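For reference, the structure discussed in these notes is given below.
The values are calculated or read from the model by the stated rules, or taken from the named source; none is laboratory data. Keep in mind it's a predicted model, so treat the numbers as computed, not measured. Please note: Cβ atoms are built from the backbone with ideal geometry, for glycine as well, and neighbour counts cover all protein chains shown.
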Ligand SMILES: [Zn+2]
């Protein structure tokens, strides 16, 4: 570095001589022109434009000149450096262009090669469809309630107004659990998710707005439409001033959330011991919207050309059920529904056979991925 | 209940243009589950007419005797000439009226009739049997019509009712009344607003009861009404008329004999089960009573049954003769020689009949009606209807005297606010509509406007109507469910899913993201599964709940582990050509409690349970924790153009378990263990810390080769099973770490150590020794070989150090590293590799 108390004779600073500056510049430009690759150019850049390049070093000497000579020398060196820099930039562009057109082409691969190295998993569509069904109600402010699968008969039947000798009690083909000594245990595999109604009423503060998805069991042999193990989504509302109209509203919201808008629903009177009045609920077939009814040329597989699809059962909670759960029937009323998860999956996603849903074939489940 | 529409129309003035399908739709809307509209005879077409056999030529020389008949079919064949028809039946003679299918006719099953040569003759049609026309089940020969039935040439369709629409109704348990033409007709009349003629409106008797067959009822609580009527001089040979046979066939009842057919016909018509005895076989007065211990009866189905003290019996001096309302005894059965007949019409208590039917596994047309509730005011009318039919059709004489015990079931009026149905439905029903609808049902309604309430007495045929909501349903269904508006429910703000519910979803997604496919297998197992899993005789998992009535006798147990279901599903997939499988299942296992009570009590239902009552039920319910299981076989990563694949190994099973832990944000620690069904040298026990207490949550590793063999699994199949509930309990709230921006210092150390020391211990020691500056430890190489010596291995660790507040100095790093190595040496005997 130069110090102010040192004085140099400007003529002695040969590196700032015009000829010398021109020589350094020409040398640099020649080297740039001769760089054959981006890597060469990088070295050339270091040698001729780097901190320790001749032009950079010369630039540092300018300060040693007499003030009158400084401007001249500065202009000279600065001009040379600019020229070198521009040449570098231009050469860089040329070489990059060259690389793009040649090297990148040479490096091309077959991007259609498979890369299935990581195995693909999936969740069971019954799991995901049940979640989706529940989520529609969670979105309305409902909570998800639960109960055991091996259930006390009192919860599964008695509290739900299935009287001991009523034919309804035998209508549901029940798996009974043996006691330790081989006698009656008072336990069953729950035949429906309805015992969760009682559990919700006993375990929660009123009002209650819950859905309960879960496994249920009946002694049906596995065939195309039956399985001894299946899934339901129970719904229960107990509040003041609750009517069938609210039940319809909830069912309509479910149908819209699950199958799309504009589908009509239909209630048909029916019978369940734990609801009174009771109804079966149907929705308009979302495939043919009824167009297949009476038109043999356009049969509909989804609804068997009935125009309607059965969704499940529902009704006003029988006040006897509320009583058994300790709810004041003078003040509160409610409704409940039970929707079939398998049925929903079959309709919404075209599953033809119950076997597919229970066998665990990876091809079936994989088709549905992570969410449904 | 099968309901022929033409029969129904006898009792209700339906508009003529109402089709069976219209009627079905209306009844469905009103609550009768019409499952199908059966168009009986729709497959019969073409000329089918009445014919008279005018000559019979017996053809011989064939395997069986054949007749060549000349049949007068009037003008039905256009020519007016007789038809010549070959017939194999022999139950007719010259002059008989028969049913003739002419060429061009089509019979059920696509059977086309044409003129054809058979047995050396041209046969111009067919003389039909009842079975060939699907009229009723009779293979004894052709139908011979009674003289005067019709003229030859008359069209047979209307005369025989060849075509009939039949509604098949699945009657729900509350609608016992709909198990009769009477009940369905009443519904049809209500939905169409049409006039109803009650078939039970029969003039019953010209005198008060008395002088009938002697009988007594031990207890009105088992039989509220008991009616006996008798006939004498009945012709046991008298045939059941065709119309009755046809109607019974359409309702699904087989014709047996006139006396039995009449009881069935009246049951279908009115809904009252009847029983007919041969009076000559009864011994002395009848008593209706409960069975005594060890009494026996051989029933009509030839089964000798031991009776239960809860069975209602009909007895005479010989002992039990009927299980009331369920099935008659064999000894008093009406027979082909019975001329004096006793008809019983009773109202038995529904619960007794339901229990008896279940106990004896006898579900009859009679028991189905009694257990759903029979009209308790119908008995005299039904018995009278039956004896009149026996007189009319069987030439019998009706005895004027009869027995009539009891008064049926008295109905108490039900008070109901007039606006109650409206408040249930969410619809404003005018008061007078409510009253009118209830009257249509058959209720007596007293409108007490002062009290703003209705006093509603349900009719005797509706025992199901007991509560005001039952009455509300009647109003709402007649007013139309379709008229209930839809109003969105207004739930208070919910709290969304619980942590546990969200965790399950996260676990499912994590495992699926890691390449596992979810299965939902049945929870049924057999003892054989425990043997296959190599469980020791005293293994707790063998203690499983047992089903009384399993679908498959080999699998009566409820699972105590998820593995058998997963393994069977794995085998199924391998069998279908998928050798590289990774499966998982999330579900409950059922663990019987060792000190659970023998039986879950049945609590009362007339009020909510007290806490201790509820606790007594809950104590009997087995523990049902949620588990996650996974199995892997074949390649975890497939071979491809990039190179070889990687087989699934024991570590993949442990990793699957860790994946579950990670989904919950819970760190799992691993220790070597020995537990079936795993390979004793490749089995890991998995632990979590719950509130500072270490808790075992499951196992993972390679399966024992015997298990692999027993289940037919691919070699070296690996599996894990962990308890999700326990992992959930180990969750803690995640705290944000302090992120230091100062440079990291990495130190690699190689330690030589006895090969039997688990690396987890070494790592633990390194961590403890390195102190707070240690950011992470990673084992990046394991080496065994000559250089480290027999029974020893070299573990290469990468230690990363960083300080929160400064750049570490070289000497600090060296000190920490040396301390880590020293701790490893102290605790595990590891020495730094030179
Ligand atoms: Zn459709």
Residues of segment A:296-317 classified as within 7 Å of the ligand (Cβ to nearest atom) and either part of a strand (DSSP E or B) or in contact (Cβ under 8 Å) with a residue 24 or more places away in the chain (or both), total: 1
Starting from residues that are at pLDDT 95 or above and buried (at least 20 other Cβ atoms within 10 Å of the Cβ), keep the ones in segment B:166-176 and report whichever is nearest to residue B:477 (Cα to Cα). B:169
Those residues of segment A:177-209 which are more than 9 Å from chain B (Cβ to nearest Cβ), in contact with a strand residue (DSSP E or B) (Cβ under 9 Å, 6 or more places away or on another chain) and touching a residue at least 40 places away in the same chain (Cβ under 8 Å) amount to A:190, A:192, A:193, A:194, A:195, A:196, A:197, A:199, A:200, A:204, A:206, A:208
Selection from segment B:511-522 of residues crowded, with 24+ Cβ neighbours inside 10 Å and either more than 7 Å from every other protein chain (Cβ to nearest Cβ) or over 19 Å from residue A:357 (Cα atoms) (or both) yields B:511
Out of (1) in contact with a helix residue (DSSP H, G or I) (Cβ under 7 Å, 6 or more places away or on another chain); (2) within 16 Å of the ligand (Cβ to nearest atom); (3) in contact (Cβ under 8 Å) with a residue 60 or more places away in the chain, what's the single condition that is false for residue A:352? (1)
Among (1) within 28 Å of residue B:501 (Cβ to Cβ); (2) in contact with a helix residue (DSSP H, G or I) (Cβ under 6 Å, 6 or more places away or on another chain); (3) within 14 Å of another protein chain (Cβ to nearest Cβ), there is one condition residue B:623 misses while meeting the rest; what is its number? (2)
Can you pull out the residues in segment B:733-742 that are more than 14 Å from residue B:776 (Cβ to Cβ) and surrounded by fewer than 12 Cβ atoms within 10 Å (Cβ to Cβ)? B:733, B:734, B:735, B:736, B:738, B:741
Any residue that is at pLDDT below 95 and either in a strand (DSSP E or B) or not assigned by TED's automatic domain parsing to the domain that holds residue A:306 (or both) - is there at least one of those in segment A:259-266? yes
Can you name every residue in segment B:569-582 that is surrounded by fewer than 19 Cβ atoms within 10 Å (Cβ to Cβ), facing chain A (nearest Cβ under 10 Å) and under 24 Å from residue B:678 (Cβ atoms)? B:572, B:578
For segment A:193-220, enumerate the residues that are surrounded by fewer than 24 Cβ atoms within 10 Å (Cβ to Cβ) and assigned to a loop (DSSP other than H, G, I, E, B). A:204, A:205, A:206, A:207, A:218, A:219, A:220
Of residues in segment B:541-556 being in contact with a strand residue (DSSP E or B) (Cβ under 6 Å, 6 or more places away or on another chain), under 22 Å from residue B:676 (Cβ atoms) and facing another protein chain (nearest Cβ under 10 Å), the one surrounded by the fewest Cβ atoms within 10 Å (Cβ to Cβ): B:546
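May I ask you to verify whether residue A:274 is touching a residue at least 60 places away in the same chain (Cβ under 8 Å), away from the ligand (no atom under 16 Å from the Cβ), assigned by TED's automatic domain parsing to the domain that holds residue A:157 and on the phi < 0 side of the Ramachandran plot? Show your work before the answer.
Numbers: touching a residue at least 60 places away in the same chain (Cβ under 8 Å): yes; away from the ligand (no atom under 16 Å from the Cβ): yes; assigned by TED's automatic domain parsing to the domain that holds residue A:157: yes; on the phi < 0 side of the Ramachandran plot: yes.
Answer is yes for this residue.
Answer with yes or no whether residue A:281 is within 16 Å of the ligand (Cβ to nearest atom) and in the same structural domain as residue A:231 (by TED's automatic domain parsing).
Spelling it out, it is not the case that residue A:281 is within 16 Å of the ligand (Cβ to nearest atom) and in the same structural domain as residue A:231 (by TED's automatic domain parsing).
Counting just the residues of segment A:250-264 that are buried (at least 19 other Cβ atoms within 10 Å of the Cβ) and either more than 9 Å from chain B (Cβ to nearest Cβ) or closer than 13 Å to residue B:481 by Cβ (or both), which one comes out nearest to the ligand (Cβ to nearest atom)?
Initially, segment A:250-264 is screened for residues buried (at least 19 other Cβ atoms within 10 Å of the Cβ), giving A:250-252, A:254-255, A:258-259.
Adding the requirement that they be either more than 9 Å from chain B (Cβ to nearest Cβ) or closer than 13 Å to residue B:481 by Cβ (or both) leaves A:251, A:254-255, A:258-259.
Working: A:251: 19, A:254: 19, A:255: 14, A:258: 16, A:259: 12 Å.
Per the stated criteria, the residue is A:259.
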Test residue A:150 against the stated conditions and say whether it is modelled with pLDDT of 95 or more, under 34 Å from the mean Cα position of the chain (by Cα) and under 20 Å from residue B:524 (Cβ atoms). yes
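Report whether or not residue B:738 is in contact (Cβ under 8 Å) with a residue 24 or more places away in the chain and part of a loop (DSSP other than H, G, I, E, B). Steps first, answer last, please.
On the way: in contact (Cβ under 8 Å) with a residue 24 or more places away in the chain: yes; part of a loop (DSSP other than H, G, I, E, B): yes.
Taking the combined requirement at face value, the residue satisfies it.
Quick check on my filter: what residues within segment B:306-320 are surrounded by 23 or more Cβ atoms within 10 Å (Cβ to Cβ) and touching a residue at least 40 places away in the same chain (Cβ under 8 Å)?
As a first pass, look at segment B:306-320 and keep what is surrounded by 23 or more Cβ atoms within 10 Å (Cβ to Cβ): B:311-315, B:320.
Of everything in segment B:306-320, those that are surrounded by 23 or more Cβ atoms within 10 Å (Cβ to Cβ) and touching a residue at least 40 places away in the same chain (Cβ under 8 Å) turn out to be B:311, B:312.
Residues are listed down the side, and each one gets a yes or a no for (1) more than 7 Å from chain B (Cβ to nearest Cβ); (2) surrounded by fewer than 16 Cβ atoms within 10 Å (Cβ to Cβ):
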| residue | (1), (2) |
| --- | --- |
| A:112 | yes, yes |
| A:121 | no, no |
| A:125 | yes, no |
| A:137 | yes, no |
| A:143 | no, no |
| A:148 | no, no |
| A:155 | yes, no |
| A:162 | yes, no |
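Results for (1) farther than 25 Å from residue B:654 by Cα; (2) surrounded by fewer than 18 Cβ atoms within 10 Å (Cβ to Cβ), shown as yes or no for each residue.
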residue	(1), (2)
B:757	no, no
B:760	no, yes
B:768	no, yes
B:776	no, yes
B:789	yes, yes
B:801	yes, no
B:820	yes, no
B:832	yes, yes
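Do the conditions hold for residue A:247, that is, is it crowded, with 24+ Cβ neighbours inside 10 Å, within 27 Å of residue B:27 (Cα to Cα) and away from the ligand (no atom under 16 Å from the Cβ)? Explain how you work it out, then say what you get.
Values: crowded, with 24+ Cβ neighbours inside 10 Å: yes; within 27 Å of residue B:27 (Cα to Cα): yes; away from the ligand (no atom under 16 Å from the Cβ): yes.
Spelling it out, residue A:247 is indeed crowded, with 24+ Cβ neighbours inside 10 Å, within 27 Å of residue B:27 (Cα to Cα) and away from the ligand (no atom under 16 Å from the Cβ).
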Only one of these is within 16 Å of the ligand (Cβ to nearest atom) and either surrounded by fewer than 24 Cβ atoms within 10 Å (Cβ to Cβ) or more than 9 Å from chain B (Cβ to nearest Cβ) (or both): A:331, A:289, A:268, A:320. Name it. A:289
Considering only segment B:94-109, state which residues are within 20 Å of residue B:139 (Cβ to Cβ) and surrounded by fewer than 14 Cβ atoms within 10 Å (Cβ to Cβ). B:109
Condition met for residue B:99 (touching a helix residue (DSSP H, G or I) at 6+ places or on another chain (Cβ under 6 Å) and either in a strand (DSSP E or B) or at pLDDT 90 or above (or both)): yes
